[in-house]
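Notes follow the structure.
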Amino acid sequence: MDSSSTYARQLDAEDVLAPFRDRFIIPPHGEASQCYFLGNSLGLQPRTTALHIQRVLDQWAAHGVEAFFLGSDPWLELHEQLAGPMAQLVGAKPAEISIMNQLTVNLHLLLVSFYRPTGKRIKILCEKKAFPSDQYMLETHVKHLGFDPEEVIVEAAAEDMLNTIEQQADELALVFLGGINYYTGQVLDMQAITAKARKHAIPVGYDLAHAAGNIPLDLHAWQVDFAAWCTYKYLNAGPGAVGAVFIHERHHQNPDLHRFAGWFGYEKATRFQMQKGFKPVPTAEGWQLSTPSILLYACLQTSLSIFEEAGWDQLQQKQQRMQDYLWLLLTDLQKFKPAFQILTPEHERGAQLSLYFPERGREIYDDLMQQGFIIDWREPNVIRLAPVPLYNTFTEIWQFATALKKLL
Ligand SMILES: Cc1ncc(COP(=O)(O)O)c(C=O)c1O
């Protein structure tokens, strides 16, 4: 690898996934296109999303409510079509996936099942600087159960996680962490953390907002208890897209597990007999409550079909190459001028890098944005960027590094 523009163009020419860029609508910047590096925030719109939405509108127009049951793709069967491809992306069985609600809502619902404080075991271990919505979710959830958040929520830095579990095991009722931290972009060793928590019989769950569709995951084999994620970041399903959850199959038929239920989690064969007494679907779908959002399902279906076509292994390979390339250019730049620090650890990262600027960060960010590099700013002093394999190019990465060099 070298830092010349010729080399970037060569990487693009060799890229077998290059044609997939055209499947997405890249927002304009003047006469050109944006260099859109915010797949970690809101992924770009696939060109075919509108067609999939229109198809649902047509089914609605043609059949009214009967569209749940009629036609070549009855809406009631859509969930199965989504659970399969989603399961592949996170290393789960399709029965362990439920596509429902949105992320923060799902986390509250999952805590109903997996945070069962008893005796001395009342604490929740989470990461330092968890995403604010997760902090508010934990704070209000434990308050609702009559606990003082200050007392029961324990925070630890990524590097102290295993020790903290070991030391506080007797008091922990739950380990709940972001698989990738939103601020630093650091990937946690979910396999080791899960194994450690399970050794002490502590349930463990992850917020995978920044991990799903980004890094390889093996939730079933790692024996994770539960996870939830949104689908509007790396999964490109649109603003406010439907969320997804993973619940390990060992919990599906446990009658002692508490849950909040609704009619779309009721066993399918007898759901519409409208009987008293909740009988769950014996899969993760048993955690569904409400009528599925068919329009949002259509958006997710569009993007999952693109992932399937591109191939998860190929996407991972390109992602790795892009990351190595970005790392090379930025570390070269640091040698030229040590004006920023890369917060994301070299060997624990996915698509996102977080660059910490002790000085002039905001000015540099504003300037790059004006030039059409779409990145984001997170207080304090961090520029985040996440080139993704489906629609970014190596040349864009080179252009970014060159623009940053000029500003430094
Ligand atoms: C790590 C993380 N957790 C939770 C959320 C909140 O997700 P939602 O607004 O879909 O509930 C986000 C949103 O960006 C996030 O990045």
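Coordinate-derived values only; no laboratory data. Because the structure is a prediction, the values reported are computed rather than measured. All Cβ positions, even for glycine, are placed from backbone atoms using ideal geometry, and neighbour counts span all protein chains on display.
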**Message:** Treating only the Cβ of Lys, Arg, Asp and Glu as charged (+1, +1, -1, -1), what charge dipole size does the chain show about its Cα centre? Round to the nearest 20 debye.
**Reply:** 380 debye
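What share of the DSSP beta bridges in the stretch 52-309 is antiparallel, in percent to the nearest 5? All intermediate terms of the calculation are to be shown ahead of the outcome.
On the way: 10 of 24 bridges.
Roughly 40 percent of the DSSP beta bridges within the stretch 52-309 come out antiparallel.
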**Message:** Restricting to DSSP loop positions (anything but H, G, I, E, B) with no more than 15 other Cβ atoms inside 10 Å of their own Cβ, which trypsin sites (Lys or Arg not before Pro) remain in the stretch 234-305?
**Reply:** Lys276
**Item:** the stretch 52-309 - percent relative contact order, Cα under 8 Å, separation 6 or more
**Value:** 24 percent
**Prompt:** Between Leu289 and Leu408, what FRET efficiency follows from the Cβ-Cβ distance if R0 is 51 Å, with the result rounded to 0.05?
**Reply:** 0.50
**Fill in**
The computed P(r) of the chain puts the percent of Cα pairs beyond 39 Å at 22 percent
**Complete:** Taking a crude spin-label model, label points 7 Å out from Cα along the C-beta direction, the Lys337 to Lys128 distance in nm is 3.0 nm
**Asked** When Lys406, Lys143 are ordered from fewest to most other Cβ atoms inside 10 Å of their Cβ, what list results?
**Response** Lys406, Lys143
**Request:** Give, as ranges by residue number, the residues of the stretch 381-404 whose backbone N falls under 14 Å from the point 7 Å along Cα→Cβ of Arg360.
**Result:** 403-404
**Asked** So who's got an amide H within less than 5 Å of the one on Tyr36, skipping anything under 5 residues away but keeping other chains? H placed 1.01 Å off N, in plane.
**Response** Ile374
**Request:** Just rank Ile99, Ile294, Ile193, fewest to most, by other beta-carbon atoms within 10 angstrom.
**Result:** Ile294, Ile193, Ile99
**Candidate lysines for bridging to Lys405, where Cα separation is under 18 Å - those fewer than 8 sequence places away on the same chain excluded** = Lys335, Lys337
**Prompt:** For the chain, what is the calculated [θ] at 222 nm in deg cm²/dmol (nearest 500), taking -39500 (n - 2.57) for each run of four or more DSSP H residues and dividing by its residue count?
**Reply:** -12000 deg cm²/dmol
